[in-house]
1. What order do you get for 129, 259 when you list them from fewest to most C-beta neighbours inside 10 Å?
2. Sorting check: for 185-195, 7-17, which peptide has the highest mean count of neighbouring beta carbons within 10 Å, and how do the rest follow?
3. Could you run the Debye sum over the Cα atoms of the chain, one equal point scatterer each and no solvent, and tell me log10 of I(q)/I(0) at q = 0.07 Å⁻¹, two decimals?
4. Which shape class, rounded, prolate or oblate, goes with the stretch 65-159 when its Cα gyration tensor gives a ≥ b ≥ c as root eigenvalues, a/c under 1.5 marks rounded, and past that a/b bigger than b/c marks prolate?
5. By its C-alpha gyration tensor, with a ≥ b ≥ c as the square roots of the eigenvalues, how is the stretch 153-279 shaped: rounded for a/c under 1.5, else prolate for a/b larger than b/c, else oblate?
6. Applying a 10 Å radius around every beta-carbon, put 197-206, 44-53 in order of their mean neighbour count, most first.
7. Antiparallel DSSP bridges in the chain: what percent, to the nearest 5?
8. On each of the three principal axes of the Cα atoms of the stretch 200-267, give max minus min coordinate, whole Å, ordered largest first.
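Bear in mind that the values in this text are calculations on the coordinates, not laboratory data. The shown structure was predicted, so the numbers you read here are calculated from the model rather than taken from an experiment. FYI the Cβ positions are ideal-geometry reconstructions off the backbone, even for glycines, and counts take in every protein chain you see.
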Ligand SMILES: [Zn+2]
Ligand SMILES: [Zn+2]
């Protein structure tokens, strides 16, 4: 274990329940600050059953938004409000916004065109070559790199397998590891099994050598009851799993994945399901 300064604490809150089928009186995003400089947003279930999570992280010089939602909704307004409020609290006239993606699937990039029209905003491309170029990854996917928000370093790890442009982000300030659709409490769809096995091994190795406060993905599909998920397409999930996963659960996934030795079968673990997809 590296010696590291104390991690900045925060509050994940309790349930992240995203509401039922009706949008009456429902805000299109649930927004909760983990702490002053780290905000979590979740798209309401009534707008899209995927109910993805978005993450907004502030450094001294720029803010990073991870993902833009699943569409049928305006993500710019809530993010804009948050960025303006943060800038005001910190006495800054402007705050550049970088919009990157956990990966290129449609339920995480649908708001890109809206952000492209926003001033002072850079939208990173979706495919692996664009991601690699923007973050200056020397060798994809074996090399990690860093991105500096200004006094706040984010580690970027390529983790293809679910999707070719998948990345994980590690915030050294809070110790939060963002794993996208590669690892979350739900169905872990694996498109490229060889790449996924290597990526999960790389994530587990990273977690062994860094202080991890929480591991946060981009969906919740599991129920609170172990080994049970909500069926595909479920909107209303009143008894869903908590958002965060632990290193123990990541190491369990790594063990299960490595023991398959390239021959993936659908496998239920207590908090996730490994779900190979026919290419
Ligand atoms: Zn995905
Ligand atoms: Zn997704």
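1. Sorted ascending by nearby Cβ count, the order is 259, 129.
2. Averaged packing, sorted descending, gives the order 185-195, 7-17.
3. -0.23
4. Oblate is the answer for the stretch 65-159, as a/c is 1.5 or above yet b/c matches or exceeds a/b.
5. oblate
6. Ranking, from highest mean packing down: 44-53, 197-206.
7. So the antiparallel bridges in the chain amount to around 70 percent.
8. 37, 32, 18
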